[in-house]
Every structure is written in structure tokens, then in C-alpha cells.
Amino acid sequence: MASRAPQRPNNASPQGKICQFKLVLLGESAVGKSSLVLRFVKGQFHEYQESTIGAAFLTQTVCLQDTTVKFEIWDTAGQERYHSLAPMYYRGAQAAIVVYDITNQDTFARAKTWVKELQRQASPNIVIALAGNKSDLSNKRMVDHDEAAAYSDENGLLFMETSAKTAMHVNDIFLAIAEKLPKNDAGGTAANRPTSGVDITQGGGSNPQGGCCGRSQ
Amino acid sequence: MSESEDENAVVQEDEVFEITDFTNASDWESFITQIEEIITNWNLTSYVKLQPLQNNEITNGDWEAVTAHLKFTNVPFTMTLHRLKFKPDTEQFVEELNEEDDDKIPHPQYVEDMMCIDNDFPARAHCIARWYGLRCFLILSISSSNGITNQSKCNLLTSSVSIALSNMSCDVPFFVQIQENWRRMYEGKAVSTGMSTQFEMVHLKKCPQQYAYLSGLLHLFKNKIGLTSLLSGETRVSARFTYVLHDWGIDGKWPAKPPDPEAVASHFGTLLYGCLEDPVTELQLAAVWPSMTGDLVIDNDIHSDFKPLSAPRWVVRLCYADDLTCLLSSYLYEFIKATNRTESMSDLLNVLEDHTTDKHLGQALEKITDPSAGGMLPGVKLASGLTKVVTDSQTLFRKSAYTLGRIAAVRGRIPREVLNNIKSYMFFQESTNSRQSSSQQQQASTYTFYHKLKAAPIDSLTHHLAMCAIVVNLCHGGLSALAQVWHVFVSELRTMLDKGECLPGIDSSKPDLNTCLLHQKLQMLNCCIQRKVLREQRSPRSSSEVDFKVNPSFVDISEDLTESNNHNNHMATDESKNETTPLKEVDKYDGNLETSENAAASSNHSERLSSNDSRGKFSVQSDDEDEFFECESDIDLGDTEQKHITSGDQHQEISEQQSLDQVSFTVNSNKTEDGAIISRDDVEHSTNENKDSMVDIDVSYPAEGRLKPCDDLNLLRCNSSLFIPHTQDHAPVTEDQLEEQAEVFSKLGDTKEGSKVRAKMQSASLRSDMEAFKSANPGCVLEDFVRWYSPRDFENGELSQRMKIPQNLWVTTWKSAKPVPAHRQKRIFDDTKEAEKVLHFLTNLKPAEAAQMLIPVCTHEALLVLRLASDAMKESLPSLPLICNQIEARAAQIFKQWHMYGSVANQFQPWTKDIQSKVEDLFRQITFAETMIERARSLQHKFRNLGDTAQVNAFVRQLLEHPEVPLDEAAVGPVGCIIKYYFQNQQNIVVEAESPLSSEQSEDVRLPKEIPPLPKPAGREFIIRASNSYPSPFSRKLPHRMYAVLMQNEFRLASAVSHDSTFF
């Protein structure tokens, strides 16, 4: 279940379309947003990931059958103080991952308010995914999987429980988003600015550590 | 040989067999072989019998055309098969067996079709189908444009065709196009079992006198097919006479009242739509007499039985103007032309300056001579001003942009009063139009239509500017007028910034990234102005007091300012109109900041907003308190901070102020954390830096800059409550800045170092908050800060593990943070600088670039107009709302893709050719929709007397959807009566024009008897059919047909005569 076909990494055949999408991570502080991104982009995990200040920016490319999807990821700080900055990041975004911590009910409540805000303020066809992170700590679980899944169904969200630590479902959630994104219009086509400095040729699934390939436990 | 093979290769994709006949010797033979092979490929080699044609099937069915290329020697030819597509649902092939009633050989399909009377005069068909009633035929034509004029070549081709048809047993009529192409002359041949048919044509410019009527034509036809008997009733005649109405008269013309150019030129609220000339140029009325017995009809130069008013069928057809000039489209096209110009602002304005010297005199004279110039009504003024520009109101709109551009060059400057009116329209928000509420309220989401298009809200300053720009560009002289408006606009922005007036029609929120870049820039400017105002409202009293002590020369300013304060109190009810005296003089002592507005930077903290009138009267008295409070030496220990904070929406009173409750003054801040901005000067900051010895726990300074207590928390290390400090607001950003930031951040890469630098770059806000926190909470430690700032990082009485990572940015920043209240910190968001950036950006735009930036806003407006118009017309044009949906979706797609900036903020990037062509294409679609609407409106107007609206709409819909519409009850039906009325009017005009002498005295006598209800027919068509034995009286009886059309400049006969090839 955890392992889908591993993404074909960045040696993608260039004849396919390249779509660039802006993706934003939102959620309470210390739920693991930065860890998810780090896992997805670099296949790494730090037990203690420094608290994000402002917002971090990373890119990663995934390949679907005929398209290459380049994610520009804005990893925002979760502190309430930075809430007012969030619109700046999600307004132009085509996708959002709202993250909560399955060991903390409050973070789930906060995630719901983020979803509500996105539905109200963000562009109407934004693809929203809900990630219940820290699924490796299921012994401390406070948020019921089915409850979150039901909530996601009601609101048309993609939903997965993830673990940045074990890499479970990390790639899957990004891939699921990539697949759901419309490839025909706006967001897509060649990037409007030159490829960023991130060396995309060594990210993601090609990583020998394999942490990023959705091959978990 | 090889030649023909080459051809085959082109023609046949999936070649199954190929006959390479080496006996083919001549070019001619190989040509015939090519034809035969094409016929084989198209499966035309067997005699097929289909269902009889249904009524009007030739018009309504789907036609297909297949083409192949071939060569005679080296001359290229084209062979085309035109065929009515089979309807898949109906049974196609008729059993041939059951036709054996007599010994009769059944007629081939093409003969049946020719004789079928249900498809006479199809409304829309290939000319061959119209002339001969065929549903399947082949055409051979020369590919070069000249046509075949040499008779022997024509004969050669016809022969080739005959041979091929016979060889292949193909009974599809085969035509060869001869003579010049424009003459549409065809000669044809069809071959079937025991018979063949010859298709021949006569084409003349003038109609020979003897054939001008049916009688002559009948005679001709009968002779041709050898029908001598006078009384045979075997000829059938169908006729169709066409009458043209091109003058709809006063009652029918559209637009009923053409738009007044002056009104258009001064109408800025919305875009107008509508055509300037009638989109329906003419109506063709056809009176039709279906199949009658030819010998019983009399039609000659003396008498005609063809009386259109009593014809059994009336059919109407409309002709539309090709290139209709419509207002909405004109706005857009002219505007897009402006976007391609390259002149800079100074190019355009300098030219104007040159003209102004002699202009002044002219204007002065105009003032004297123009009686309305001094009028009190602005509307009148505006109109009279416009007449100077819009002299020739008749031709204005019909002129191309070129001409409009010329007008601009000649006219130069927009008259001052007009410019003033434009300015006041832009900058004074009038009551808004109702469209927004009606069209957009149903969308509950705050993501509205203008967000989709990345435009700007209706009636925002941006929208008003766009409206003025697009109108001025069309009506006041193109790009130069645009430049003037842009100049006025940017200058006014500068003035408002200097005066500290907020921009009208720009909401006070941060830039909305789903709007166009220009709107974001204006929002940004507005944010800057707001902060400037806030700062200055705080600064005057304090700074003047301080300055007073330091430098007596500033006394006058302080008086000024007090005055302005009092002024504020009077008009305090209206925040937006608040006037603040610019602090021009104050800034002199502030050398270290770039621009004048920075004066306030030296100010102290004094929170007061003039917004609340009930508080206004206390402001003077409160100054003293504030002054004391803001003194550098203020010793303001914890609880003594006396404030009544009204923050944003939530009013939170803080109770700890009782000790000073004699101070009735309340601080009213409409932004929670606005405290921000102000900073005591940098000097003070640097003195603080000397106290490096200050470590985590330092209770030696007084608390300052508290907002409110944080729940019930107490500081960990000392026994006082934990206070939330006033903090600096986050900086507003526009899209291009965000892009630049993203670019910078992404360039840093995802290395550890890169991430560090990135975090550092963003830590300014964290540091500011920490300093403010320290200032508000003497004796605090990082744990205290984290409990407020990031509560989830404080677990079980200690910092979370990640906060304990050595040298993490939180720890290091905390260590280096000094206790400085927000109002004394350096501004994180330098509104002065940002405002200058915005103005610089706008000032440097070329007029064409400014126009580009406005295109989404203009398009948004145009689409709203179009949508309203289409909703109003949907009864007549049910497909239009769908077209509108498509256009809107397309527009959203284009404008989302279009970035007007590069990777550097505040640098405009002109659009690419790609975007431009997409926008142009979009405008073409809008034009198409507008044209459709205008056609429908014109027709609705013309047939408004038909009945109730539903009936009118239904009839208009028919007219628009079908090439021809038959009228119920012909001449006596409701539509017939209206059409007769229009014809009568046209006749009256013609007759009056023809006989100007008979003006008055004889009018009553002449009118009733001399004016025929309809004009002479513009065209007459006949189809004559007969059966007769041909070529000899002993031959089989075969059907023949002749079509004739007689027009003023064309006479054409198309005959199909069949031969019995078995028996003579």
C-alpha cells in the first residue's frame, strides 16, 4: 500500500510536457511540514528539524506518464504570528498540503481551519491534500484515521497519513497531487523563469538512499 | 508511366492493387487511367440506388468533399467528389428487385434526384447541386487559377471524363469546369444503363430579349428536347422570384438612434456596446411557386401570372454586413493598437508642450466664444469640451485607428477641462453602478470573476483608470491622449502620497495577488500612504515638542500641525478624507533617510488616530500625556502603561490603567500591530548596541510597548505577567516582489548553507518580535518568548528539542536581540522607499506598457458588458451564453499565464508575441459575439411588431439559425405583412426620388395607383422539367431538366438532357 510505482525521477524524457506548479504547505507549527518537504525533496529526515522562519522554498520534479511536473514548494512557518503571511503563498498556488500531527487533536482542528480558509480564499480549483503526519507514532495517536478520511471525503481533499520519518506515503501524496493537477492550462507549460538553482537532477527518487521512493518499512 | 505511378502514390494511401498497363502510350490515356483509379478508390464503380431525397435534404444534410490531385502531362488538376453524407440511421439501399413493375428500366439515382421536386432552390448548396438538384457529383478542375478557355482542351477533358465513366461503370455525374473560374461554367456527363445525360450550360452577361420570360425559356427547352406538341402537359415549372429590401426606413433601421460620439467620449462608467451601422444590410424576399404545369402559366412581356403577393410560398433570407463596426470591439481594438507603440512618455508629452504656446491663445479664445464653457454643469462642460476633439461626429467611429491617431497628432492636447473631468472621475469615487452586486453576489466565495481574470474590482481606482484610458484612446486621440491621462494619473498619485491622502477606490488591504499587477501596485502604494499617515499623525505633536526644545525654529511647524490636528477633529468622521499637513520642513533635519516623508522616522510613540470623533476633542489635552509617555526618559513600569487599545475589529480593554484613569484619552488604533513603523532614530538604536553586556535576564529597563497580557502566563524567571508586545506588521508585497524573492530564495539552493542564509534573510521579523517582546517583558527568557510565539515548542516546562539545537537561529537571534519596543525599531517595511518604488515603476512605464497593464481590466469590463447583453438576448441567441462561457474561460486562461514581470521586481516586461496574439484572438471572439448580439437586436427591432416578445424572439432565432426562413401564410401572414410594409416604404422613397417634380399637387392622385408594392425582382429562377423520347421519337422516354436564372447582370441556363443510348 505504501509503495506505489516509484516515481521515475528527473531523467525524464524531454519530449513530454513540463508543467510547473506552485505548492504550499500549511499547518500548525511542529507538525512536520518541513520534514515532509525534506523527505520528498532530498530523501532525508532529521529527528529535530529546526523551526522554519518565514517560509522555505524548495523545488522538486516528478514524472507522470507523459508529463513532468515541477513543484515549487513553499514551506511556511506554522506559528500563528505568520498566519497573516499565508495568503501571499497560497494565493497563486495550484496545490496545497495541509498538515496535522496525528498525535495531537488541536493540530487537526487547526488543519480544518486552514482548509476552510483555502476553500474561501484560494483559487477555486486549487488541489488540496490533507496529510496526517507522524504516522509512525501511531501508539500516541489522537486523531482517528477514519475521522480524517471522512472529513477529507466531505471536502473533496486528497488524504493520506504520512510519516516523514519512515517516508511512508510522502511521495505518494505529492504524486497524487501531481496527477490531480490539470496539465492542460495555466499552471503548466515551460516555467516562466529559468529553472531555479536547485539541482533537480539529484533529488527525489533517484536518491540512492531511496528514502524518497515511497518504499517504506 | 512513372508519372502516373507517382500520382497514384499520392492519391491512394492504402493501395490494394495497382494496374500498371504498359499499353498506355499517350498522355491522354494515362490521364484517363488516373481518373479511373481515383474513381475506383472512391468506390464509385457500381450503380447504387439510395432512398429518395427527403424534403430540403440538400440544404439540411451534411455534405462532404473529397479531393484528389492528378496531372495531364505536367498540368495539375483537381478532382473533387461532393456528396451528401449518408444518414447512418436510415436504410440506405433500396432493394432493386421490387422495382420491376413493368419492363421499365429504373432510372439511375442522379435522374431521380434531378426530378425530385422537394429540393428545388435549396437555401444552401454547391452551385451544381442548386442547378441540377444532385446529391452526388464529381468535378474536375484545373488547379491553376486561370481556368480552361480553349474549347478543344475543354472537349478533350470532357471526352476523358466520358471514357472514364463508361469504363468504370460509374453513374455519378461528372463535371468539368471550363472557362474562367469566376464564371462557374461546367460541362458534364453522366452514363448509366442504356442512357447517358449531357449537362450543358449557357452563361451570358445580358439576358437575350426572347428568353426574358418563361414563355421564351419553355420554347427553347421544348425545342431542345424535341417536344413539339403544344398541348402536352408534361412540362412542370418551379419558379422563384427574389426581391431585395435594402432600405429599412426610419422604422426599421438599426441602431434606431446611433450613439452620440460626444456622449461616448464622455462616458467613463462602463463600456458601451452596439453597432454603428446596421448589421443587417438587406433582406431578400423570395416568392416561390413550386412545380406547376408549364403550359398553363402565362409569363411574357405583356402579362405574368407570377404575382409575388399571391405566391404560395414566401421565403426570406438576410444579408449581414461583413465587417461590422461595433463600439465594444472598437474600444478593444484601438486599445490593443496603442499597446504596440513604442513612444515614451516624454516623446509624447514633449510634442504636446511644443504645441501649447500657440494653443493657449486658442484656448482663451474658445473660452470666450464658447457659451457653454462657463456653464455650471460639469456635464455640459464636458460635452462642449469634447466637441473640440470630436468635430466630425458622423465619421468618428468609422475611422480606423490610423485616422484616430492622426487626429491625435493634429489635436494634441486634451482640453484642460476635459482632463480635469477625467481626473475627477478617476479619483472621486462616485456611487457605484449596480452591476457588481447583481452579477457577482451570487458567488459566495470571495474569489470573484475579476480574480479569475486577474483584473481589478469594478469601480476601483484601477478600473476607473482603465475605463478612462480606453475611452480616451478611442475618442480623444489615441496614444497621445493616453499619455496625458497616464501623466495626470501618476502625478496625482504623487500628490496624494505627498499629502498623505489614501487612494480612493483601493481597499486598505495588502496587495491581492489575484488581481492585475497594476492594481497590486496601487494597493501597495495605498498601504504606504496609510502607514505614512499613521506615522505622521503620531509624530507631529511629539516631534514638534521635542524639536521645540531642541530647536525653536520649528515652532511654526508645530503650530501648523496643531492646526491640522484641530482640523482633523472637525472632519474626523471621515477617515479617508482626512487631511494631513505634509511635513516638508520637518524632514530637513533628517538626513539619513532617503526622502522627505521619512521625517516621521524620528518621531516618538504617540498612538492616536483621528478616526473617532468622540475622542477627537480630547486629543489636545492628551498630547501632554503622550509627550510624557514618549519621552526618552520615560520610566514606565509595567502596569502603568495606560492605554485603551482598540485594535482592528476586536476592542480589547486593558484594565491595568486605573492608576491613570484621569486620562480620558484613549488610544485608538485601527491596526493591531501598527505600532511598528516608527522608530526612534538610528542614533538611539546604536547607543543601545553599546550595552552588549545585556544578557538574557535584565530587569534593569522599564517595560515598553505592551499590547496586552498573554492569557494568565507569568514570566518564568520573575514574578510578573507575560505581555504580548506591539509588533511590526508584516510587509505587504506585490506579485513581482514575491517572484523576485522566490527567485532569490530558490537561487540559494537547498544546501544547508543556502537554507541558513534564507532563514537569516527572513529573520528580521523574528528579531523585531523578539526585541519588542524583550522590551515589553523585562526579565524574560527565550522560553517565555516561545510560550507566546510558538507554544507547541514549549513542552513539559521546557523548550522542545528542536529549539534546543545549538546555534539554531531562534537561540542566536534571541541572544542578540535588544529590548526595543516596536515603535523605536527600525522599520522592517520601509513604506517611504516602497512608495517611491511604486511611483518610479509607474513613472517609467511607456504609455503602451501602461495600456498593456490595463488590458485585463478592460477585458474584464468588456466581458461583463458582453455577459449582460448576451443574457438579455438569450431567447433569440440561445447559444450565446455558451459562447460567453468559452470566451471567459479563455480569457482566464490567458491572463493567468501572462506575467507582466520578470525575475526582478518593479520592472515591467512587455508582453510576448504569443500573449499578444492570444489576446487579439480573444478580442476577435468578443467581436464575433458582439456582432451576433447586434444582428439579433437589429432583427428584434425590425420585427418588433410581430407579436409579443416571445414570438419576436422565436422568429429572430429562426432567422439567425437558418439561411432561409419560410413564412407562414406567405404574403398575408404576420411576418409577410411587416415585410410588405418595409417594401412599401422603400418603394415610396424610390418613387419620390425618381419623380421630384410631382412633389405636391399630384401626390394624392399618383401614389395609390403607381407604386407597386414590391420592386422589380432582382433575380428570377426557373426549373423546367419534362419527359420525352430523345434523341428520336422512337427512343425511350427519359426525363430532362433545365434550370434558368435571370438577373440584371447574369443570365444562365443549365440543362440536363438525357439520351437513350440503346435505341437510337
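Observations, loosely collected:
Matching residues to (1) modelled with pLDDT under 85; (2) part of a strand (DSSP E or B); (3) basic (Lys, Arg); (4) more than 16 Å from B:Leu140 (Cα to Cα):
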| position | (1), (2), (3), (4) |
| --- | --- |
| B:Thr33 | no, no, no, no |
| B:Ile39 | no, no, no, no |
| B:Leu44 | no, no, no, no |
| B:Ala68 | no, yes, no, no |
| B:Arg83 | no, yes, yes, no |
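- Single residue of B:Leu960, B:Leu922, B:Leu946 found to be modelled with pLDDT under 90 and aliphatic (A, V, I, L, M): B:Leu946
- When B:Asp769, B:Asp736, B:Asp784 are screened for being more than 10 Å from chain A (Cβ to nearest Cβ), of a type outside the set (Lys, Arg), touching a residue at least 12 places away in the same chain (Cβ under 8 Å) and within 30 Å of B:Asn526 (Cβ to Cβ), only B:Asp736 passes.
- Hits in the stretch B:764-789 - residues which are farther than 21 Å from B:Pro806 by Cβ and acidic (Asp, Glu): B:Asp769, B:Glu771
- Residue that is surrounded by the most Cβ atoms within 10 Å (Cβ to Cβ), among those in the stretch A:51-75 that are more than 16 Å from the chain's Cα centre (by Cα) and within 14 Å of chain B (Cβ to nearest Cβ): A:Ser51
- Exactly one residue among B:Phe1051, B:Phe983 is at pLDDT 90 or above and assigned to a helix (DSSP H, G or I), and that residue is B:Phe983.
- Residue that is of a type in the set (Phe, Trp, Tyr) and within 11 Å of chain A (Cβ to nearest Cβ), where the choices are B:Phe723, B:Phe745: B:Phe745
- Contact annotation: residue pairs with Cβ atoms under 9 Å, 6 or more positions apart or on different chains, pairing a residue in the stretch A:84-97 that is farther than 12 Å from A:Ser123 by Cα and more than 8 Å from chain B (Cβ to nearest Cβ) with a partner that is of a type in the set (D, E, K, R) and part of a helix (DSSP H, G or I), are A:Ala86/A:Glu117; A:Ile97/A:Lys33.
- Exclusive hit being basic (Lys, Arg), buried (at least 21 other Cβ atoms within 10 Å of the Cβ) and under 30 Å from B:Phe908 (Cβ atoms), set B:Arg824, B:Arg758: B:Arg758
- When B:Lys499 is tested against (1) closer than 30 Å to B:Tyr273 by Cα; (2) of a type outside the set (Phe, Trp, Tyr); (3) surrounded by fewer than 24 Cβ atoms within 10 Å (Cβ to Cβ), just one condition goes unmet, and that condition is (1).
- Among residues of the stretch B:777-793 being under 13 Å from B:Leu716 (Cβ atoms) and in contact with a strand residue (DSSP E or B) (Cβ under 8 Å, 6 or more places away or on another chain), the one that is surrounded by the most Cβ atoms within 10 Å (Cβ to Cβ) is B:Cys780.
- Test result for B:Leu156, assigned to a helix (DSSP H, G or I) and either of a type in the set (Phe, Trp, Tyr) or crowded, with 17+ Cβ neighbours inside 10 Å (or both): no
- Every residue from the stretch B:794-803 that is buried (at least 18 other Cβ atoms within 10 Å of the Cβ) and either more than 9 Å from chain A (Cβ to nearest Cβ) or among the hydroxyl-bearing types (Ser, Thr, Tyr) (or both): B:Phe794, B:Leu799, B:Ser800
- Lone unmet requirement of (1) touching a helix residue (DSSP H, G or I) at 6+ places or on another chain (Cβ under 6 Å); (2) facing another protein chain (nearest Cβ under 9 Å); (3) within 24 Å of B:Trp810 (Cα to Cα) for A:Gly78: (1)
- Test: residue in the stretch A:83-99 that is buried (at least 24 other Cβ atoms within 10 Å of the Cβ) and of a type in the set (Lys, Arg): no
- Selected residue (criterion: surrounded by the most Cβ atoms within 10 Å (Cβ to Cβ)) from residues of the stretch B:881-933 that are within 23 Å of B:Trp254 (Cα to Cα) and of a type in the set (A, V, I, L, M, F, W, C): B:Ala929
- Here B:Leu157, B:Leu140 are screened, and the one residue that is at negative phi and in contact with a helix residue (DSSP H, G or I) (Cβ under 7 Å, 6 or more places away or on another chain) is B:Leu140.
- Within the stretch B:876-917, considering residues that are within 13 Å of chain A (Cβ to nearest Cβ) and of a type in the set (Lys, Arg), the one farthest from B:Lys747 (Cα to Cα): B:Arg890
- Identity of the residue in the stretch B:809-821, crowded, with 20+ Cβ neighbours inside 10 Å, more than 17 Å from A:Glu50 (Cα to Cα) and of a type outside the set (Val, Ile, Thr), that ends up farthest from the other protein chains (Cβ to nearest Cβ): B:Pro819
- Inter-residue pairs, beta-carbon under 8 Å, first within 20 Å of B:Leu348 (Cα to Cα) and in the stretch B:487-500, second modelled with pLDDT of 90 or more and surrounded by fewer than 17 Cβ atoms within 10 Å (Cβ to Cβ), 6+ apart: B:Val490/B:Thr843
- Some residue of the stretch B:797-814 being in a helix (DSSP H, G or I) and hydroxyl-bearing (Ser, Thr, Tyr): yes
- Residues in the stretch B:318-330 include none that are over 36 Å from the mean Cα position of the chain (by Cα) and either in contact (Cβ under 8 Å) with a residue 60 or more places away in the chain or surrounded by fewer than 17 Cβ atoms within 10 Å (Cβ to Cβ) (or both).
- Qualifying residue in the stretch B:864-875 (condition: within 30 Å of B:Ala889 (Cβ to Cβ), of a type in the set (Gly, Ala, Ser) and surrounded by 18 or more Cβ atoms within 10 Å (Cβ to Cβ)): yes
- For A:Val37, the requirement of being at the interface with chain B (Cβ under 10 Å from one of its Cβ atoms), of a type in the set (Val, Ile, Thr) and part of a helix (DSSP H, G or I) is met.
- Yes/no for B:Pro878 being modelled with pLDDT of 90 or more and surrounded by fewer than 19 Cβ atoms within 10 Å (Cβ to Cβ): yes
- Scanning the stretch B:730-745 for residues being under 33 Å from the mean Cα position of the chain (by Cα) and outside any helix (DSSP H, G or I) gives a total of 3.
- Every residue from the stretch A:108-139 that is over 17 Å from A:Asn155 (Cβ atoms) and either within 12 Å of another protein chain (Cβ to nearest Cβ) or in contact (Cβ under 8 Å) with a residue 24 or more places away in the chain (or both): A:Asn133, A:Lys134, A:Ser135, A:Asp136, A:Leu137, A:Ser138
- Of all residues in the stretch B:280-314, those being part of a strand (DSSP E or B) and over 16 Å from B:Phe1022 (Cβ atoms) number 7.
- The condition of being closer than 29 Å to B:Leu479 by Cα and within 14 Å of chain A (Cβ to nearest Cβ) holds for only one of B:Pro791, B:Pro847, B:Pro856, B:Pro806, that being B:Pro856.
The values are calculated or read from the model by the stated rules, or taken from the named source; none is laboratory data. Computed from a prediction, not measured in an experiment: that's the story for all the values here. As a convention, Cβ positions derive from the backbone with ideal geometry for all residues, glycine included, and neighbour counts pool all protein chains shown.
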